[in-house]
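Notes for the one structure printed next.
The values are calculated or read from the model by the stated rules, or taken from the named source; none is laboratory data. These figures come from a predicted structure and were not determined experimentally. Glycine gets a Cβ as well: all are built from the backbone with ideal geometry, and neighbour counts include every protein chain shown.
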Amino acid sequence: MKKIKIILSVISVFVFAFLATGIVIKETSYAAEVSIDKPIKMVFSEFNKHENFKSWIPEIKSYEVVNENFGKTGSVYNIIVENQNQEIKMIQRILAYVPNEKVTFYFDAENMLKKDDYVFTEKNGITTISLNSSCNSKTYIMSCMLPYFKGKLERQSQVYLDNFKEFLEAQKPLENRF
């Protein structure tokens, strides 16, 4: 009987700690960065072309324009990604779009809300993309889980940036393209 009480006490502590996570941590934030040996105009342009997304984010199954504004800010897109043989529908909004400097995306993916802020800088012909990302949730249980997935989210974002670098550096230079 004593062993059962100890086991139940340990389980209770873990459950309490898990549920307290959602109260204590309201937002999960992380960063990623990549440097690409290409000029900033080319990097920014190629980064924002919808037709390129599948080349560096292979999980994207479809990308549909809902509303595309002239200045890009406020544009809305529907995206379907496949994750572990499950389709996830997302709505992407562009919150900020400053050519050759910055683009900020807001994603509503079922229970997860995510903001990706990409900043582009160039030094000596090498462009650096810096990502600052923040996630929160619509549901309490998901908000309890997000902090435990921070490392996975960070690694996934870094993989996507590395994939973009490989995609872009593999392209042959076109003179006077940008």
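Numbers at a glance
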read-out: Hey, Thr104 over 17 Å from the mean Cα position of the chain (by Cα) and within 26 Å of Ala170 (Cα to Cα) or not; value: no
read-out: Any hit, segment 21-32, residues being surrounded by 13 or more Cβ atoms within 10 Å (Cβ to Cβ), farther than 19 Å from Lys152 by Cβ and among the hydroxyl-bearing types (Ser, Thr, Tyr); value: no
read-out: Residue among Asn78, Asn85 that is of a type in the set (S, T, N, Q) and under 21 Å from Lys49 (Cβ atoms); value: Asn78
read-out: Selection count, segment 48-106, where residues are surrounded by 15 or more Cβ atoms within 10 Å (Cβ to Cβ), without any contact (Cβ under 8 Å) to a residue 24 or more places away in the chain, among the hydroxyl-bearing types (Ser, Thr, Tyr) and in a strand (DSSP E or B); value: 3
read-out: Residue tally, condition in contact with a helix residue (DSSP H, G or I) (Cβ under 9 Å, 6 or more places away or on another chain) and of a type outside the set (S, T, N, Q), over segment 31-58; value: 14
read-out: Residues satisfying the stated conditions in segment 107-116, i.e. over 9 Å from the mean Cα position of the chain (by Cα), assigned to a strand (DSSP E or B) and of a type in the set (Asp, Glu); value: Asp108
read-out: Segment 25-55, residues that are hydroxyl-bearing (Ser, Thr, Tyr) and modelled with pLDDT of 90 or more; value: Tyr30, Ser35, Ser45
read-out: Breaking point among (1) in contact with a Leu (Cβ under 9 Å, 6 or more places away or on another chain); (2) modelled with pLDDT of 80 or more, for Gly22; value: (2)
read-out: Answer residue from segment 84-117, given it is among the polar types (S, T, N, Q) and at pLDDT 90 or above and is nearest to Pro39 (Cα to Cα) among those; value: Asn100
read-out: Residue within segment 125-142 that is touching a Gly at 6+ places or on another chain (Cβ under 9 Å), in contact (Cβ under 8 Å) with a residue 60 or more places away in the chain and in a helix (DSSP H, G or I) present; value: yes
read-out: Where a residue in segment 146-163 is closer than 20 Å to Ser55 by Cβ and its partner, wherever it lies, is in a helix (DSSP H, G or I), with Cβ under 8 Å and at least six apart; value: Tyr160/Trp56; Asn163/Ser55; Asn163/Trp56
read-out: Criterion (at pLDDT 90 or above, closer than 10 Å to Thr28 by Cα and surrounded by 14 or more Cβ atoms within 10 Å (Cβ to Cβ)) met by exactly one of Ser157, Ser133; value: Ser133
read-out: Residue that is farthest from Glu169 (Cα to Cα) [pool: residues in segment 29-47 that are in a strand (DSSP E or B) and of a type in the set (Val, Ile, Thr)]; value: Val34
